[in-house]
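Notes follow the structure.
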Amino acid sequence: MAEKVLMKGNEAIGEAAIQAGCQCFFGYPITPQTEVAAYMSRRMPKIGRVFLQAESEVAAINMVYGAAGSGVRVMTSSSSPGVSLKQEGISYIAGAELPCVIINIVRGGPGLGGIQPAQSDYFQATKGGGHGDYRLVVYAPSSVQEMVDLIQDAFDVADIYRNPVMVMGDGMLGQMMEPVEFKEREAKQLPSKADWAATGLHGRKEHHVINSLFLQPEELEKHNEKLQKKYAEIEKNEVKYEMYNCDGDLDIVLVSYGTVSRICKNVIKMLAKEGLKVGLIRPITLWPFPKKAFEEVVDRTKYGFLSVELSCGQMVEDIELSVKGRKPVNFFGRSGGMVPSPTEIANKVKEIAGGAR
Amino acid sequence: MPNLKELSAKKVRLTGGHRMCAGCGAPMVVNWVLKALKDEQKAVISNATGCLEVSTCLYPYTAWKDSWVHTAFENAAATGSGVEAAYRAMKRKGTLKDDYKFIAFGGDGGTYDIGLQSLSGAMERGHDLLYVCYDNGAYMNTGIQRSSATPMGADTTTSPAGKVKPGKQQYRKDLAEIMVSHHIPYVAQTVPVIPGTPYMFDLCNKAEKAFSIEGPKFMNVLTPCPRGWRIDTATELEVIKAAVDTCFWPLYEVENGVYKINYIPKEKKPITEWLKPQGRFKHLFKPENEHIIKMIQEEVDRRWEKLLYLAKVK
């Protein structure tokens, strides 16, 4: 077992990427994720890897395109307004099928918004923030430890599917300190990049072409079909979620991810004392969304589901598509950087369940 | 030459009570620029993201007495362009009678880096806009990250001085010269008002001249940041004086393509006078980094000689 160290979320992100073999990091300052770039600027040169500060988020994501095209592990990180700027590049990267990891330490929006934690980039991350028919795998860790583990998974999943992967934490996860362990990881069998990476001809006759331009509609449609097939594979293989306190008959099941899911666990303990049986579905992948988790509990849940978010109901429709009208789907959220107290959430649960038992 | 008494009596257009740090140079620069307006003149100010924007307008509070607008980081010049274009349309149609001055303020991150595209666009299209960059040589708002205005060798949180790299590896971008290449009517480089210097009112004079010219104008103002420069607030203007005296930051203007150096030091001081007082350059004075100081000196000399040539001083 590796040693446990106390680390700030943003710095742990940097170290996790390094441990996962990230060769290049391209950053740009924006609160509340700037410490990722600062950490990488200290560590990367020491181990002979690349840290570059771009002149904008647009430049940073296109540097990622360049490095990913040459087949190295590459990461960038930003926060909501910066991730908005990156969307064009992310669409190109998805279109050209390049693996990379994008960190979004979400702050409140829209517009300039604020700098406190939020989850209001759910739509942007899961529904395709840029143009075109594409998907990102989106991980939503709920602790610094899980963030570290998921970043390492993210690099593998990006390589396996040749697809950008986003790790989305809220500002709270980036800024708080928690004990974290960088575990020894089993070496995964990953597909070789030798058949597509643009690393020079080395005696080959055929060029490797990295491209997202298909002017013939027939060709572009074929390319899109190929992408859709890949996304279907991802939906089959990469869904991750946690079910907490979901055994037996349930009054209500909370659905929440990230920081808020931890508050929800407290709510469940609080309400158990008041005779309410409350479960939690915690999506770890926001896309692909863990639809099957709902199948396991939908028939055993008396009053249905409650989406608890740091946003204004952005996850509700994914829950509805999973529940398919069989039970009611309710919503409780705070936004703008407000984080709900356990009591607030518990009151909402009691309101739906018609009071404590 | 303006009269200090008169200037002091003028309307304060960026009021106190904002949340800029003690000793911050930016509000000082803004106020001296705005003092170059006549009290009765109206202004519309667009502001790039940065310390100045975030600390002076915490909605619903504002320290600004003029109309003020902020959009995303990279867009101060674009937003200013839009407002100015709308103003011209209103003037043409006769729906607006009053005259307005258009000013954009941005730090070096928002001007040299992410905002360069919109700045260049605004200057090329020829909007009647004065863009003022308060250049404190790093992204101070997010906690001191290097920018393309950061001087070579400076220690920042993303160009940290350590065993592998001795701070920032590149020379600073010469933004004033980039603006000169836009062939706009007026480009100036200056420093805050420093009492007792021969160039005390250089900033005011230049702002006044800029406001008298129609079309796009650009001013670059070296602005102290005690936090980022690691200096005592009480000495910050001495440090700025050193930047002028070492010719690290020459005071000059280019009016319709004609260069004029506004102050030529009698005796050009060695660059160490500018570097030494600042904590961000501390590591350069270790024996193993002597060569970097030499390189910085050579680059300062090279740029100064070029400026003397352009201004036909010799």
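For segment B:176-186, check the following and say yes or no: at least one residue is charged (D, E, K, R) and away from chain A (no Cβ under 13 Å). Yes, that holds for at least one residue.
Residue by residue, here is whether (1) of a type in the set (Gly, Ala, Ser); (2) touching a strand residue (DSSP E or B) at 6+ places or on another chain (Cβ under 9 Å); (3) modelled with pLDDT under 95; (4) outside any helix (DSSP H, G or I) holds:
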position	(1), (2), (3), (4)
B:Leu7	no, no, yes, no
B:Gly17	yes, no, yes, yes
B:Met20	no, no, no, yes
B:Pro60	no, no, yes, yes
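Inspect segment B:100-117 for any residue being assigned to a loop (DSSP other than H, G, I, E, B), open to solvent by less than 10 Å² (accessible area, probe 1.4 Å), more than 13 Å from chain A (Cβ to nearest Cβ) and among the small types (Gly, Ala, Ser) and give the result as yes or no. For segment B:100-117, residues assigned to a loop (DSSP other than H, G, I, E, B), open to solvent by less than 10 Å² (accessible area, probe 1.4 Å), more than 13 Å from chain A (Cβ to nearest Cβ) and among the small types (Gly, Ala, Ser): absent.
Under the condition of being assigned to a helix (DSSP H, G or I) and open to solvent by less than 10 Å² (accessible area, probe 1.4 Å), the residues counted in segment A:135-187 number 13.
In the set B:Lys260, B:Lys241, which member is loosely packed, with under 15 Cβ neighbours inside 10 Å, within 24 Å of B:Asn3 (Cα to Cα) and under 21 Å from the mean Cα position of the chain (by Cα)? Write out each step before concluding.
Working: B:Lys241 fails: loosely packed, with under 15 Cβ neighbours inside 10 Å.
Selected residue: B:Lys260, the only one of B:Lys260, B:Lys241 that is loosely packed, with under 15 Cβ neighbours inside 10 Å, within 24 Å of B:Asn3 (Cα to Cα) and under 21 Å from the mean Cα position of the chain (by Cα).
Out of all the residues in segment A:244-262, is one or more surrounded by 11 or more Cβ atoms within 10 Å (Cβ to Cβ), farther than 30 Å from A:Gly171 by Cβ and touching an Asp or Glu at 6+ places or on another chain (Cβ under 9 Å)? There is no residue in segment A:244-262 that is surrounded by 11 or more Cβ atoms within 10 Å (Cβ to Cβ), farther than 30 Å from A:Gly171 by Cβ and touching an Asp or Glu at 6+ places or on another chain (Cβ under 9 Å).
Of all residues being under 14 Å from A:Arg42 (Cα atoms) and open to solvent by less than 40 Å² (accessible area, probe 1.4 Å) in segment B:145-160, which is farthest from the other protein chains (Cβ to nearest Cβ)? Just the residue, please. The qualifying residue farthest from the other protein chains (Cβ to nearest Cβ) is B:Thr156. Contact map, segment A:338-357: first residue more than 13 Å from A:Ile263 (Cα to Cα), second residue surrounded by 14 or more Cβ atoms within 10 Å (Cβ to Cβ) and hydroxyl-bearing (Ser, Thr, Tyr), Cβ cut-off under 9 Å, separation 6 or more or different chains; pairs are A:Val349/A:Tyr303; A:Ile352/A:Tyr303; A:Ala353/A:Tyr303; A:Gly354/A:Tyr303. Please determine, by comparing only the residues of segment A:15-34 that are within 14 Å of chain B (Cβ to nearest Cβ) and among the β-branched types (Val, Ile, Thr), which one is most open to solvent (accessible area, probe 1.4 Å). Ranking the candidates gives A:Thr31 first. Restricting segment A:318-357 to residues that are among the acidic types (Asp, Glu) and under 24 Å from A:Gly171 (Cβ atoms), the residue that is least open to solvent (accessible area, probe 1.4 Å) is A:Asp318. Listed by position, the helices (runs of 4 or more DSSP H) inside segment B:200-314 whose residues that are within 30 Å of B:Glu84 (Cβ to Cβ) number at least 2 are B:202-212.
Tally up the residues in segment A:42-62 that are of a type in the set (Ser, Thr, Tyr) and in a helix (DSSP H, G or I), please. Give the derivation first.
First, pick out the residues of segment A:42-62 that are of a type in the set (Ser, Thr, Tyr): A:56.
Still in the list and also in a helix (DSSP H, G or I): none.
Residues in segment A:42-62 being of a type in the set (Ser, Thr, Tyr) and in a helix (DSSP H, G or I): 0 in total.
Keeping to segment A:92-134, report how many residues are open to solvent by 10 Å² or more (accessible area, probe 1.4 Å) and of a type in the set (Gly, Ala, Ser).
10
Restricting A:His207, A:His223 to those that are more than 30 Å from A:Glu351 (Cα to Cα) and open to solvent by 100 Å² or more (accessible area, probe 1.4 Å) reduces the list to A:His207.
Within the set B:Ala63, B:Ala85, the sole residue that is in contact with a Leu (Cβ under 7 Å, 6 or more places away or on another chain), away from chain A (no Cβ under 14 Å) and without any contact (Cβ under 8 Å) to a residue 60 or more places away in the chain turns out to be B:Ala63.
If you go through segment A:259-301 and pick out every residue that is among the charged types (D, E, K, R) and either under 18 Å from A:Ala353 (Cα atoms) or touching a Cys at 6+ places or on another chain (Cβ under 9 Å) (or both), you end up with 9. Between B:Glu208, B:Glu236, the distinction of being buried (at least 19 other Cβ atoms within 10 Å of the Cβ) and charged (D, E, K, R) belongs to B:Glu236 only.
The values are calculated or read from the model by the stated rules, or taken from the named source; none is laboratory data. Remember, it's a predicted structure, so these values are computed and weren't measured experimentally. Quick reminder, even Gly has a Cβ in these numbers, built from the backbone with ideal geometry, and neighbours come from all protein chains shown. Heavy atoms of the whole protein, side chains included, go into the accessibility calculation; ligands, DNA and RNA do not. Shrake-Rupley method; radii C 1.70, N 1.55, O 1.52, S 1.80 Å.
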